[in-house]
Amino acid sequence: MKVLYTILLLVISNTFMTLAWYGHLKLKEFKWFESWPLIAVIALSWGIALFEYCFQVPANRIGFEGNGGPFSLLELKVIQEAISCIVFGVIVTLCFKGETLAWNHIVAFVLLILAVYFVFIK
């Protein structure tokens, strides 16, 4: 179950992370948001990032083998990066209509999945 909890928390965390880092680019389409100063946009992103940390920290604590979890630190990081790219790809494809996934992006995602596979080879 710790594997499932860790991955689920990482997916939620990376969803918040992607929204914190890139969501303001989508909000720029709204008139009311155009006039926000940069410091307000940064504060909004920090507010969203708080939720990222609320899921990222428990994911790492649950998943880390030093706390009884199934993953080493290296394995946790590679899993997190792969999940981050997948979540980013899904959000960009759904929310940013001008962005499309090309064949080279798909190949890159496959290589990331292979990286996860190779990090687990003993």
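Please state which of the following conditions LEU111 fails to meet, knowing it meets all the rest: (1) in contact (Cβ under 8 Å) with a residue 40 or more places away in the chain; (2) surrounded by fewer than 17 Cβ atoms within 10 Å (Cβ to Cβ); (3) of a type outside the set (Val, Ile, Thr).
Result: LEU111 passes all but (1).
Residue-wise test of (1) at pLDDT 95 or above; (2) of a type outside the set (A, V, I, L, M); (3) in a helix (DSSP H, G or I); (4) touching a Phe, Trp or Tyr at 6+ places or on another chain (Cβ under 9 Å).
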site	(1), (2), (3), (4)
VAL11	yes, no, yes, yes
TRP32	no, yes, yes, no
ILE39	yes, no, yes, no
PHE55	yes, yes, yes, yes
ARG61	yes, yes, yes, no
GLU81	no, yes, yes, no
VAL87	no, no, yes, no
HIS105	no, yes, yes, no
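Using beta carbons and a limit of 6 Å, which pairs, at least six apart or on different chains, have the first residue in segment 9-26 and more than 15 Å from LYS77 (Cβ to Cβ) and the second one buried (at least 19 other Cβ atoms within 10 Å of the Cβ) and modelled with pLDDT under 95?
VAL11/ILE83; THR15/VAL87; THR18/VAL87
Would you say LEU101 is free of Cβ contacts under 8 Å to residues at least 60 places away in the same chain and surrounded by fewer than 12 Cβ atoms within 10 Å (Cβ to Cβ)?
No.
The values are calculated or read from the model by the stated rules, or taken from the named source; none is laboratory data. Everything quoted here is computed from the prediction, not taken from an experiment. In this analysis, Cβ positions are derived from the backbone assuming ideal geometry, glycine residues included, and neighbour counts consider all displayed protein chains.
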